[in-house]
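For reference, the structure is listed below as structure tokens.
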Amino acid sequence: MEKVIVALDFEYKEEVIKFLDLFKDESIYVKVGMELYYQSGPEFIKEIKDRGHNVFLDLKLHDIPNTVERAMRIISKFGVDMVNVHAAGGLEMMKAARNGLGNEILLIAVTQLTSTSEKAMKRDQLISVSLNESVIHYAKLTKEAELDGVVCSPLESRMIHEATSNDFLTVTPGIRLSTNDKQDQVRITSPAKANTLGSDYIVVGRPITRAANPKDVYFHIVDEFKKGE
């Protein structure tokens, strides 16, 4: 299974099916986010799994520990391969998430969204340290909670590994090819650069799903990520 995760950022289930039909002969890793999940629910997760694909369920849980633990117990029955929470929920919430989910499913935490700049973080979150310091703090907290890794910018992968360990996963959105615009991402880089910086998984959505030939672009990105710079 390749470590390029395709974000299924479609509005309707029918669009997802049309996209997945391009990969009838391959098993790929896909990300199901809030928009798709809230519309189609757990039954559609099963349909994707029945097609042979791995699923990263990207719901970014952030609530009191008891609520998150109970929610994770439900999610653990979906058959997904990866799920996430917000590290800002704190150490006890993340421990509760781990307890509810169990150890068979990868559990990661969001540090700072890749759409967040340092200026916006300080203004909106009243965090006075630098963006890098905030990300490292959340990564260390996540590891202390015994989660498997974090969602972060590819630009932060190397320093997170240095601050935690090499086997602590970095799952990195914010990937763009040189021909793509930044859209709503701020802290971005290319698939090749992400490999060089130490990303374990990359998450790519619109550059693949909105391409004229999505399958060709997918395999191009897989190849570029494998080779690095």
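List of remarks:
- Cβ-derived FRET efficiency at R0 41 Å, ASN99 paired with GLU14, nearest 0.05: 0.65
- Using R0 = 30 Å, the C-beta based FRET efficiency linking LEU22 and ILE74 works out to 0.45.
- Given +1 at the Cβ of Lys and Arg, -1 at the Cβ of Asp and Glu and no other charges, the dipole of region 4-227 around its Cα centre is 280 debye to the nearest 20.
- Overall form of the chain per C-alpha gyration tensor (a/c, 1.5; a/b vs b/c): oblate
- Max mean-square fluctuation residue, GNM over the chain, Cα-Cα springs under 10 Å, options ARG98, ARG176, ARG51: ARG51
- For a label point 7 Å along the Cα-to-beta-carbon line of GLU47, residues of region 1-29 with backbone N under 20 Å: 6-29
- Mean residue ellipticity (222 nm) of the chain, computed from DSSP H runs ≥ 4 via -39,500 (n - 2.57), nearest 500: -13000 deg cm²/dmol
- A DSSP coil position with no more than 12 other Cβ atoms inside 10 Å describes the following GluC sites (Glu not before Pro) in region 85-178: GLU104, GLU146.
- For ILE28, the amide hydrogen comes within under 5 Å of the amide hydrogens of ASN54, counting only partners 5 or more places away or on other chains and with H modelled in the peptide plane.
- Among ALA96, THR114, VAL80 - extreme Cα towards positive end, dipole of the chain, charges at beta-carbon: THR114
- Distant-in-sequence amide H partners of ALA109 (H built 1.01 Å from N, under 5 Å): VAL85, GLY149, VAL150, VAL151
- Contour minus Cα-Cα distance for ASN66 and LEU177 (0.36 nm per residue): 35.9 nm
- Gaussian network model of the chain, springs between alpha carbon atoms under 10 Å - residue of ARG70, ARG206, ARG123 with greatest fluctuation: ARG123
Throughout, read-outs are computed from the coordinates displayed, never taken from laboratory work. Because the structure is a prediction, the values reported are computed rather than measured. Glycine gets a Cβ as well: all are built from the backbone with ideal geometry, and neighbour counts include every protein chain shown.
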